[in-house]
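All remarks here apply to the structure that follows.
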């Protein structure tokens, strides 16, 4: 039994006879679904069946045998539709016939490359949608820029949306186009990723929107109410061949939805898909509505800079020793193929970057050439090393070798990139994500291993072929090299596979069925789907539908006959509706109609998995504590993707002994437990065991904010006042990195748990700072010193002091069809109260601000504006009547409604209004509003007759948990 609770797992070997070498897997005591791929399957020699045998690695005579019939298998057509590269004279830059556009490329090239030349007329002189399939390094980005130039020239006022699958690619486009395209053309561009969410004004004013698939999917779901979505005239999707990857369904839904929007609005939409070479590119083009003029699918061998590839096999059953045996050949490859030119070495993990770099240094030292890769003077090197924070990177840079991975801080990563691009260092060892992110081409690329550790399955799995091609594509610099070199080091049994298929165009299949429930729910919420037939019709817009007809066996469709196809799609939709109904996201009727529920709307708005909504709906209840809510938050399905790397279960076990709230130490290898521990470590402000956990904490915090907002909506919909307040308190804890019981003054710089006891609570300190600046400075000087006291006062002046006032409640008549009407019709009126919020402090120029000021939250990884929750409830019954989420710069007024009775009371005598910050702990305010005697005969007038300054308001003292008069 595993004492750390890592789960019982048996190692087993799965040989599929007469096909490929066996595969090893870990089997748990639960159903598992795993596909054994046979790359040699051909229609001309299709066997009648395969034999699969499962052998235990630990137990004698523990085996299973299964004959897998292939009799009903229908293979797809073998598409070989390639675009021949014509022998054309390269077009000069002047072919743009626009001096401003030519200025964009003045310092980059004089002539377009052969691929750009061949597609130039279609890209620049027509509005045809385009699919451009070409190898990495073929200049596809410049090709997409030609379509942008045409849109801005021919269709002013329309917007461009550029979708990249990774934030690193988005950042690369932002950096490149900020200095180039946008500056020269005087266009406005916004970034839309998990780290940056511009306000509505920025989106309305933007000419160019650069975003990740998830962000545009979330925005375009409500396209009916978002005019800027309808103004999109050009949609560019980079790396569209990733349709078959994990995030492929999002790309598929985006294209389908944007085409549907264009058909509904009658506006033209140009689609541009950028891809590597595909074997079924014609299916992709047909689905996107791309005609013959816009179809370009060049062979993988077509590259502006020819690539020389070497595939080397290495024996060894175990991963880490096999990686170690590759280090000396990697050093030898550098000496053979690129002794003086830039070299990129791709590895699978952050640990491997360090081990590989150290071994290369050792081999260079053994050759008595320790500084063979250094390309700068000693004085310059010393200045560079002074700014490096990571000790391992500082060490390797001394020998001309950089490292690049997500565990490094932003400044260290940028420094490694800059030094490599500037040719100050010769070798850069990086994880595979660099291949998709920063454009750092080299003469030689070494791919050291084609496997990575997949945390959810706890095993090493192969990189997708697309990733291998992307890494290889970094070899060969168009400005410097006549050819590039790639050395691919693989496990010996897989050598023949890579030799055969590395340059074969591969098919793209749809992954939409795996995530169909989330996207169907979004369309139900938007109103696109109201019946089962609507859902079937919706599927006909997708790439999945087209591939279903072409490759039915891949999707478990027995026949493409109309009756069988209709039954298959109807069954799929029924299953999705049943799944969503079980999760509480939709309600169906006997006639096949479907309507969204509140949970469904929340899931769509906050981009949540239906399992997450099921967890929230079933786990949230009345009177929950912040600790209980943290466990619910970390149970979100999305956190199952949080990596628990090799040996991190041991680190989690150690971390569990340092946090304040207990976790189940038997589940230390569970990503949900890790998320809980990371958040508690964030609250406790303790040291994390490794740098990877810093990056993981940022990931968890980034997702947690929208999860908690969804939890607040679910709780508010149920009318739970105490639970809703506790959710808001949890948001404050995440923003400030504190437990709810910690002194609120610890939000200020230089204030720790030790010296916080010498200071008053934050509301008192804030009120004093607004009226007696010198006295507060002197008080703080005695605690943190004069210099630090000045900084603390500066932060205090940023924090909000908000006055709350309200008008006398008045009765308002409900609409006749209001859901609040009961069957007897005795609930025809509701009370309405107008609450006014005024920010009393801050610089005078804030009066002209259009948006709220930024909150002070240095421990939160993203910049965030100040926001507030305004709650109206009844304390005796703990009922929540109304909740408003708002953000303002100077002042705002909000109308809140509440019923005329509460519980068993005939009339309400008073209600409570509560103001909660979404960023600061201890600034909450609570007031009692007296309700006039219930009189249906006349409305009660409104007048703002109660003014209370927050310095004298009733606030929550977080140290005691009780509300006190201040």
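Laboratory data are not the source of any read-out in this text; all were calculated from the coordinates shown. Just so we're clear, the structure is a prediction, and the values are computed from it rather than from any experiment. Heads up, the Cβs are rebuilt from the backbone with ideal geometry, glycines too, and the neighbour counts pull from every protein chain shown.
Remark: 216, 720 ranked as 720, 216, counting other beta-carbon atoms within 10 Å and listing the fewest first. Taking 7 Å steps out from each Cα toward its Cβ at residue 558 and residue 53 produces label points 3.3 nm apart. With Cα atoms defining each centre, the stretch 295-320 and the stretch 671-704 are spaced 37 Å apart in the structure.
Classified by the C-alpha gyration tensor, the stretch 93-297 has a rounded form. Its axis ratio a/c, with a ≥ b ≥ c, is below 1.5.
Using only Cα positions of the stretch 512-606, each an equal point scatterer, no hydration layer, compute I(q)/I(0) via Debye at q = 0.10, 0.15, 0.22, 0.24 Å⁻¹ and quote the log10 values to two decimals. Calculated log10 I(q)/I(0) at the listed q: -0.26, -0.56, -1.08, -1.22.
If the segment from residue 877 to residue 773 were pulled out straight at 0.36 nm per residue, it would be longer than the present Cα-Cα gap by 33.2 nm. Over all distinct Cα-Cα pairs of the chain, the Kirkwood formula returns a hydrodynamic radius of 31.6 Å. Separation of the stretch 442-497 from the stretch 711-731 is 48 Å, based on Cα centroids. Just for the stretch 307-501, what percent of DSSP beta bridges are antiparallel, to the closest 5? Antiparallel: roughly 15 percent of the beta bridges in the stretch 307-501. The fewest-to-most ranking of 448, 107, 167 by surrounding Cβ atoms within 10 Å reads 107, 167, 448. Kirkwood Rh, the stretch 399-500, all Cα pairs: how many Å? For the stretch 399-500, inverting the mean 1/r across all distinct Cα pairs yields 14.8 Å. Using C-alpha pairs below 8 Å separated by at least 6 residues, the relative contact order for the chain is 9 percent. Highest mean first, the peptides 694-703, 728-737, 307-316 sorted by other C-beta atoms within 10 Å per residue fall in the order 728-737, 694-703, 307-316. I'd like the FRET efficiency for residue 121 and residue 188, computed as 1/(1 + (r/R0)^6) with the beta carbon distance as r and R0 of 51 Å, rounded to 0.05. Once rounded, the FRET efficiency stands at 0.95.
A Förster radius of 25 Å, combined with the Cβ-Cβ distance separating residue 750 from residue 690, puts the computed FRET efficiency at roughly 0.40.
Looking at the chain, the DSSP beta bridges with both ends there are about 60 percent antiparallel. Add -39500 (n - 2.57) for each DSSP H run of 4 or more in the chain, then divide by its residues: what number comes out at 222 nm, to the nearest 500 deg cm²/dmol? Taken over the chain, the calculation gives -11000 deg cm²/dmol. Most tightly packed first, judged by the mean number of other beta-carbon atoms within 10 Å of their residues, the peptides 629-637, 916-924, 535-543 read 916-924, 629-637, 535-543. For the stretch 110-134 and the stretch 772-804, compute the distance between their C-alpha centroids and round to whole Å. Taking the Cα centre of the stretch 772-804 as reference, the centre of the stretch 110-134 is 61 Å away. Inter-label distance, residue 225 to residue 368: 7.6 nm, where each label sits 7 Å from its Cα along the C-beta direction. Taking max minus min of the alpha-carbon positions on each principal axis, the stretch 307-501 gives extents of 48, 39, 33 Å, largest first. Take every DSSP beta bridge whose two residues both sit in the stretch 436-515; close to 40 percent of them are antiparallel. A crude spin-label estimate for the pair residue 89 and residue 263, with each label 7 Å from Cα along the Cβ direction, gives 4.5 nm.
Net length available on complete extension from residue 536 to residue 895 is 125.0 nm, with 0.36 nm assigned per residue and the Cα-Cα distance removed.
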